[in-house]
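What follows is one structure encoded as structure tokens, with my remarks underneath.
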Amino acid sequence: MPVDEANTLLYLRFYQSFVRVPVLREIANYMGKLQSIVIARQDKRVVLTHIPKRSELKMGENLIQGDLPIVEYRKKRASMKE
């Protein structure tokens with residue numbers, strides 16, 4: 001969740017429906033929570049050392065159907081700048 005121009009908050013959620021036995025479900029939930037924290041810490045190192053590049057709606061890229069969320073994000077961001 002964006003906080004300001006340079007900061008965001010990260011919310012982690014873990015959902016599972018494959019373990020239904022109460023004690024085993026709690027163990028699976030706990031392990032999933034720990035794994036989410038490990039992955040978030042790995043991502044944090046990347047984010048902190050990343051140098052942002054300019055991104056605009058039209059940059060001469062050859063985007064494909066799978067890139068539609070990128071295009072939608074850039075459109076929304078461009079409309080908010082206006």
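The values are calculated or read from the model by the stated rules, or taken from the named source; none is laboratory data. In this text, all values refer to a predicted model and were calculated from it rather than measured experimentally. Backbone-built Cβ (ideal geometry, glycine too); neighbour counts: all protein chains shown.
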Quick one: Arg20 ticks every box in (1) surrounded by 11 or more Cβ atoms within 10 Å (Cβ to Cβ); (2) in a loop (DSSP other than H, G, I, E, B); (3) basic (Lys, Arg) except a single one, so which number is it? (1)
Condition met for Glu26 (assigned by TED's automatic domain parsing to the domain that holds Asn7 and acidic (Asp, Glu)): yes
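Out of the residues in segment 68-82 that are closer than 18 Å to Glu5 by Cα and of a type in the set (A, V, I, L, M), which is surrounded by the most Cβ atoms within 10 Å (Cβ to Cβ)? Even if it seems obvious, please write down each step before you answer.
Step one: of segment 68-82, the residues closer than 18 Å to Glu5 by Cα are 73-74, 76-82.
Imposing the further condition that a residue be of a type in the set (A, V, I, L, M) reduces the set to 78, 80.
Values: Ala78: 12, Met80: 7.
Going through the qualifying residues, I end up with Ala78.
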Residues being surrounded by 11 or more Cβ atoms within 10 Å (Cβ to Cβ) and not hydroxyl-bearing (Ser, Thr, Tyr) - total across segment 48-67: 4
Assess whether Val46 counts as being at pLDDT 90 or above, in a helix (DSSP H, G or I) and out of contact with any Ser or Thr (no Cβ under 8 Å at 6 or more places or on another chain). no
